[in-house]
1. 5 Å is the cut-off here: which amide hydrogens, built 1.01 Å from N in the peptide plane, fall below it relative to B:Arg223, excluding neighbours closer than 5 in sequence?
2. Top to bottom by accessible area (1.4 Å), largest first, where do B:Val131, A:Val160 land?
3. Considering every Cα-Cα pair within the stretch B:80-234, what fraction, in whole percent, is farther apart than 22 Å?
4. Leaving ligands, DNA and RNA out of it, work out the accessible area of A:Lys290 with a 1.4 Å probe and give it in Å² to the nearest 10.
5. Heavy atoms only, 1.4 Å probe, whole protein assembly: order B:Ile178, B:Ile47 by accessible area, highest first.
6. Taking both sides together, what accessible area is buried at the B/A interface, probe 1.4 Å, expressed in Å² and rounded to the nearest 100?
7. Multiply the residue gap between A:Gln53 and A:Gln391 by 0.36 nm, knock off their C-alpha separation, and tell me the result in nm, one decimal place.
8. Give the long-range amide H neighbours of A:Lys290: residues separated by 5 or more places, or on another chain, with amide H under 5 Å away, using H modelled in the peptide plane at 1.01 Å from N.
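The values are calculated or read from the model by the stated rules, or taken from the named source; none is laboratory data. Note that the coordinates shown come from a computational prediction; the quantities given were computed from them, not determined experimentally. Cβ: placed from backbone, ideal geometry, glycine included. Neighbour counts: every protein chain shown. Heads up: the accessible areas ignore ligands, DNA and RNA and are worked out on the full protein's heavy atoms, side chains in. Shrake-Rupley method; radii C 1.70, N 1.55, O 1.52, S 1.80 Å.
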Amino acid sequence: MNTAIKELGELVGREYKEGFVTDIEAETLPPGLDESVIRFLSGKKSEPDFVLQWRLEAFHRWQAMECPEWAHVHYDPIDFQAISYYSAPKRDEDRPRSLDEVDPKLLETYNKLGIPLEEQKALAGVAVDAVFDSVSVATTFKDKLAEVGVIFCPLSEAMVNHPELVQEYLGSVVPPSDNFYAALNSAVFTEGSFVYVPKGVRCPMELSTYFRINALNTGQFERTLIIADEGSYVSYLEGCTAPMRDENQLHAAVVELVAMKDAEIKYSTVQNWYPGDEEGRGGIYNFVTKRGACRGDNAKISWTQVETGSAITWKYPSVLLEGNHSTGEFYSVALTNNCQQADTGTKMVHIGEHTSSTIISKGISAGRGQNAYRGLVKVLKGAKEARNYSQCDSLLMGDRCGAHTFPYLEVKNPTATIEHEATTSKIGEDQMFYCRQRGLSEEDAVSMIVNGFCKEVFRELPMEFAVEAQKLLGISLEGAVG
Amino acid sequence: MLDIKNLKVTVDGKAILNGLNLNVGPGEVHAIMGPNGSGKSTLANVIAGRDGYEVTNGSVTFMGNDLLSMAPEDRAREGVFLAFQYPVEIPGVANIALLKEGLNAARRHRGETELDALDFLKLVREKLKLVEMKEEFLYRSVNEGFSGGEKKRNEIFQMAMLEPSLAVLDETDSGLDIDALKTVAGGVNALRSEDRSIILVTHYQRLLDYIVPDRVHVLAGGRILRSGDKQLALDLEERGYGWIDTVAA
Ligand SMILES: Nc1ncnc2c1ncn2[C@@H]1O[C@H](COP(=O)(O)OP(=O)(O)O)[C@@H](O)[C@H]1O
Ligand SMILES: [Mg+2]
């Protein structure tokens, strides 16, 4: 191996910074999953009966399903009976009304993660609904949102306070029967956010949620539902971090977006879960179903994601382009290092006329990381004059990693225009040397080159998030050098 | 300024430089000429600290420091600049971003404060004029889609910004039409100063009509075979490199 590549290898081997565990006593259900667990979960949240029935039906469907296998992701079988399906900070009955009431230890945890709620409140005008394990502990800015009629609350709260909205839209984009993990999630989901933006309202702030997995052996099954009514706009930010763990932790979330006529939803994710150590021990298994439906004409849904964490990632944020002239976008940066495996991509389903979709995917592989992009562009018969542009670029660091691109096309209407471009490149020794000759350290050079590679995606992120994403990539790639 | 003694370099086990000696004083401009494959770029790269070259013997001293023991970025921050023969493209990285990072790294190294955005821009505008480069090039990705001439101009622009003590220009003249050559030469001449040494690596005498060197060296067989004043370059032009070989033999 030449020295430049070896040095890059050292550069990318930096330890996960956020591995610590908060020792708040958790009220945790013993491992195992049966109907009584589902009844417990539902009762815990005082859910309306239709939700319980929906969960039970999903559970029965799930029992009949097989755990899926994918060509480019390898992992040991998961024992779903060894997982606990509920864990909450102890004082659940006595939930804090404001930040002052929040357990200082929790706040300390967030601070260590660099998520100072107080500061964020003041600085960014961002409403934060922080999820600590399975229960929401702090929700801010509700009043300001209420003024314009925006509902932003934990899904469990929405089920109690806005059952008609939940009943209409829950599972309307990702039905429980969709896939194995979606069915599991539908049966046992415990937290997540709910957003409703009324007709014609432009949500006055970016909405943000931080998820964090904490209690040992507890899977997380969030469920997020965002509805943008006619002519409305909302931008939602999701950020994730997790503490260091020896055992693999399962994460199977579902995100559903509904954009009505002339509405726009922008959903951005920066994900920084524990990826496992250099040998691939520990780390989060991330199997997520994210899908948006452009229900009305001129609706637009845009997914932007930056993924640097997880041991195994499997996710395909997708858009169903039902309305005429509706638009779907997918901008993604996925980084895999050490033994991380990522199998991500998107599905764009063109149903209405004159629908258009854009896919920009940037995969970065370092160490022994394996990065697969899988994209499906489907143009149905009635989708006259549909357009798609896809660009998939892979960047390799070192010679032990891999990048795989699988673009699938199903075009049933001959008037469609489909363009696909793909490139694979290596961080060149010549690029590194050029930067260093201009005075940059190795770390800064790597960071600059990688950020340059990802630029088209980063510029889709809201400003503060873009900065965070760049830092994250930096952290994920920096090494022991210097 | 720069003192190279008995430098021997191999690449993949193949000897490229075989005991090269070179001394460049402050403010001097030296031209190094030689046929293709004679090791001119190798010398330039070894001075700048590129990987893949094994120094098996000799020393390179720069302002009293052992250059060979320093990382490339430390050499750069100490004032060694290399204008590349083939400037590399870096997609997505704005020209100006790289330059700002590099300049500020050097300033921190010298214990100076970083330039703020305003001062930086002022400096940039001033230096752009030197090589008649348009401001739009600042915001384009480093060398991406630049023509050959634009890349070379960009190298000299960066040199102007970084104000090195020692600049090694590797075939900066190749691929330039006559007008571009004059502009680039004008830029380099403007950067000549008492405390800045310049090594011009070139293949052709033509460049030396515009940048008049203090010394000319002929590199062949991994060694400096001949040194002289600018007349040597003219003789070479007339008789070809074969002449040196016969003289040396
Ligand atoms: N990275 C390299 N790998 C293998 N051979 C090299 C490398 N760099 C230079 N060489 C060889 O070293 C010799 C000198 O090359 P170079 O220094 O580029 O010459 P010049 O710049 O004078 O044309 C040539 O024979 C070239 O093939
Ligand atoms: Mg050369």
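1. When sequence neighbours closer than 5 places are left aside, the close amide H contacts are B:Asn18.
2. Working: B:Val131 0, A:Val160 75 Å².
Ranking B:Val131, A:Val160 by accessible area, largest first, yields A:Val160, B:Val131.
3. Details: 5108 of 11935 pairs.
When every Cα pair of the stretch B:80-234 is considered, 43 percent fall beyond 22 Å.
4. In the full protein context, A:Lys290 sits at about 10 Å².
5. Values: B:Ile178 75, B:Ile47 5 Å².
My answer, sorted largest first, is B:Ile178, B:Ile47.
6. On the way: alone 11710 and 19250 Å², together 28720 Å².
Roughly 2200 Å² of accessible surface disappears when B and A pair.
7. Details: separation 338, 0.36 × 338 = 121.68 nm, distance 4.28 nm.
Here the segment from A:Gln53 to A:Gln391 would lengthen by 117.4 nm.
8. Those qualifying (amide H under 5 Å, at least 5 residues apart or on another chain) are A:Val255, A:Tyr316, A:Ser318.
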